[in-house]
Amino acid sequence: MEKSYLFLADGFEEIEALGTVDLLRRAGIEVETVSINETLAVKGAHNMEVAADIMLKDCPAEARIFIAPGGMPGASNLAANARVCELFSQQAAKGGHVAAICAAPGVVLAPLGILDGHDATCYPGFEEALVAGGAFHKNQRVVVDRNAITANGPSSVFPFALSIIEALKGQDKADEVAAGILL
């Protein structure tokens, strides 16, 4: 079974990244965090430093899902990385799952054309970038449209992660994880 990968760049939104990984692992989804830095150490937007599981050079092109957390300048740092863009673009082109939360739908996915023709959401203030990339902005916490899952910000991390779980393992597993965290 292919693994899932969540990308970390300096300035990432900690709750979005770590909360998503936590819930996916509770669901039994193999997910690894990927550092785009020169080391495994990545510093979040609120100065929390975490050690990623693997380096970008070790991230395979095949995955169940590629995930981009938001946070600034984390999302911009992901978007500026050619390999990250290549991985997301290839995943989307073959109909594979991609997910992004907060600024990342507008900053990472939309400029790559991944959301062209899709309903999507993002953090307030990034709507123009989303629409410029061909997406139809929806003022919702989470939007799932075909292979793309987007969310609007930190407070939406639970429904975002549960939507990923539902896409990968079904509604029953998402309900089980939600019940386990008293949601």
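The values are calculated or read from the model by the stated rules, or taken from the named source; none is laboratory data. Since we're looking at a predicted model, the values are computed, not measured. Glycine gets a Cβ as well: all are built from the backbone with ideal geometry, and neighbour counts include every protein chain shown. Just so you know, the surface numbers come from the protein's heavy atoms only, side chains and all, with ligands and any DNA or RNA stripped out. Shrake-Rupley method; radii C 1.70, N 1.55, O 1.52, S 1.80 Å.
Here the Debye sum runs over all C-alpha atoms of the range 1-88 as equal scatterers in vacuum, and log10 of I(q)/I(0) at q = 0.19, 0.22 Å⁻¹ comes out as -0.77, -1.04.
ASN139 to ILE54: extension gain in nm, 0.36 nm per residue of separation minus the Cα-Cα distance? Working shown, then result.
Working: separation 85, 0.36 × 85 = 30.60 nm, distance 3.44 nm.
Gain on extension, ASN139 to ILE54, equals 27.2 nm.
Computed over neighbours whose Cβ is under 12 Å from that of GLY19, the net charge equals -2, Lys and Arg +1, Asp and Glu -1.
If the viscosity is 0.890 mPa s and the temperature 25 °C, what Stokes-Einstein diffusion coefficient in µm²/s follows for the chain when Rh is the Kirkwood radius over Cα pairs? Spell out each step's value before the answer.
Numbers: Rh = 15.6 Å.
My calculation gives 157 µm²/s for D.
Highest average first, the peptides 73-83, 29-39, 104-114 ordered by how many other beta carbon atoms sit within 10 Å of their residues are 104-114, 73-83, 29-39. Put simply, the Cα atoms of the range 75-151 extend 30, 25, 18 Å along their principal axes, the longest span coming first.
Share of carbon and sulfur in the accessible area of the range 49-103 stands at 54%, probe radius 1.4 Å.
Compare HIS137, HIS46 by solvent-accessible area with a 1.4 Å probe and give them largest first, with all protein chains kept in place.
Output order, biggest surface exposure first: HIS46, HIS137.
Report note on the peptides 160-172, 7-19: ranked by the mean count of other C-beta atoms within 10 Å, highest first, their order is 7-19, 160-172. Net charge within 14 Å of GLU2 by Cβ-Cβ distance, Lys/Arg positive one each and Asp/Glu negative one each, not counting GLU2 itself? Residues close to GLU2 contribute a combined charge of +1.
Ligands, DNA and RNA left out, the accessible area of the range 136-183 computed with a 1.4 Å probe is 52% carbon and sulfur.
Give me the accessible area per residue for the chain, probe 1.4 Å, as a whole number in Å². Don't skip to the end; give the middle numbers.
Details: 7820 Å² over 183 residues.
With the other protein chains kept in place, the chain gives 43 Å² per residue.
The rule of thumb for compact globular proteins, 2.2 N^0.38 Å, goes into the C-alpha radius of gyration of the range 122-183 1.23 times. With a threshold of 24 Å on the Cα-Cα distance, the over-threshold entries among LYS57/LYS138; LYS3/LYS169; LYS3/LYS57; LYS43/LYS173; LYS57/LYS173; LYS3/LYS94 are LYS57/LYS138; LYS43/LYS173; LYS57/LYS173.
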